[in-house]
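The values are calculated or read from the model by the stated rules, or taken from the named source; none is laboratory data. This structure is a prediction, so every number in the text was calculated from the model and none was measured. When we count neighbours, we look across all protein chains shown, and the Cβ atoms used for this are built from the backbone with ideal geometry, even at glycine.
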Amino acid sequence: MIEKKRILLLGTGGTIACKKGKNGLVPLMMGEELLTYVPAAKKFCQVEAIQILNVDSTNMHPRHWQMIAGAIEEHYNYYDGFVVCHGTDTMAYTAAALSYLIQHSKKPVIITGAQRPIDLDVTDARTNLLDSLRFACCERAHGVNIVFDGKVIAGTRGKKVRSKSYNAFSSINFPYLAVIQDEHILFYIDDKGQDKENVRFYHELDDRVALLKLIPGLDSGVLDYLAEHFDAVVIESFGVGGLPAYEKNDFYHAIERWISLGKIVVMSTQVTQEGSNMSVYEVGRKVKHIFDMIESYDMTLEAAITKLMWVLGQTKEPEKVRRLFYQTINHDILWKEG
Ligand code: ASP
């Protein structure tokens, strides 16, 4: 008889675990209870559940990502795969963060959730959970992935693109890794075995990373304010990326001050698809040239931010930050400088 795979389910809350409360939906169900809604899973795996926390993912904090990664590290040798049940709102951040905190894993770490609670008659939760458990048992699955609405998305490439529909997640600037149709898993990217390094868990994150979304006419003083409180800022610029050059060139001076403090500025874009390329227009090329600025290219915003937190958890030295930031981890960046 073939031994069934051993899977650990980690409950963290989210809609999937919600019940109706006095003031709206609140996550109340524990992992054990979620499992009672997917009895079919018993046919192909042995699942145990632990509860890490039970929150709406709006309340997720980088320290919770560390708690989830820590729990996976603690149980890593005892299970064949891990399924994290999570709210959809900040799932893309958690999936990206786990991609940096848990690297080279030959065992799959799946993050899933749902747009509707699992105890409703009509819900996507049961399919998403069953698909995730199935994928976690798949020999060819590895690394950190989101499984949602029949798609498998690299942990660094997911983004919530719909607030209500079941097809809530897209894979940004990268193909789906696989699709799941009932019990069939079809791989588009089948690369297990290519990474020869051993699993490595990281523990440090620096959450002093800010995001500044540009709007026309924004006062650059906000960058000075941020410099007092943060080690890095991601500027969500327009189009392929650039900085406004209003009359007094205030933005240039603000960036100069950031750089002179040894702090990190990363240029990214408000446009979801296709990423940045600061070399195209004068408004970008000049800044890139003067400040040798890092840009996020085809990375998602969630990946850029959590990667910076991970990088800054290891070094604050600008050249090392640049090198680590551009290192490809879990398919997060294709475009390279030079
Ligand atoms: N507000 C919920 C959460 O992110 C939404 C969901 O899970 O779909 O926890």
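Odds and ends about this structure:
- Sub-8 Å Cβ pairs linking a first residue in the stretch 102-119 that is closer than 21 Å to CYS138 by Cα to a second residue that is within 10 Å of the ligand (Cβ to nearest atom) and part of a loop (DSSP other than H, G, I, E, B), at least 6 apart or interchain, are ILE111/HIS86; THR112/HIS86; GLY113/GLY14; GLY113/HIS86; GLY113/GLY87; GLY113/THR88, ordered by first then second residue.
- Among all positions in the stretch 281-293, there is no residue which is among the β-branched types (Val, Ile, Thr) and not in a helix (DSSP H, G or I).
- Verdict on ALA49 being away from the ligand (no atom under 16 Å from the Cβ) and under 30 Å from ARG208 (Cβ atoms): no
- Counting the residues of the stretch 102-130 that are within 16 Å of the ligand (Cβ to nearest atom), more than 17 Å from THR306 (Cβ to Cβ) and not in a loop (DSSP other than H, G, I, E, B) gives 7.
- Whichever residue in the stretch 75-101 is within 16 Å of PHE135 (Cβ to Cβ) and not in a helix (DSSP H, G or I) and, among such residues, is farthest from the ligand (Cβ to nearest atom): ASP80
- Taken together, the residues in the stretch 20-33 that are away from the ligand (no atom under 13 Å from the Cβ) and surrounded by 14 or more Cβ atoms within 10 Å (Cβ to Cβ) amount to 4.
- Residue within the stretch 282-290 that is in contact (Cβ under 8 Å) with a residue 24 or more places away in the chain and touching a Lys or Arg at 6+ places or on another chain (Cβ under 9 Å) present: no
- Residue that is part of a strand (DSSP E or B), at pLDDT 95 or above and either surrounded by fewer than 17 Cβ atoms within 10 Å (Cβ to Cβ) or within 16 Å of the ligand (Cβ to nearest atom) (or both), where the choices are GLY11, GLY70: GLY11
- Taking the listed residues ALA96, ALA154, the one that is in contact with a His (Cβ under 8 Å, 6 or more places away or on another chain) and surrounded by 21 or more Cβ atoms within 10 Å (Cβ to Cβ) is ALA154, with no other qualifying.
- The residue that is surrounded by the most Cβ atoms within 10 Å (Cβ to Cβ), counting only those in the stretch 197-233 that are assigned to a loop (DSSP other than H, G, I, E, B) and over 23 Å from the mean Cα position of the chain (by Cα), is SER220.
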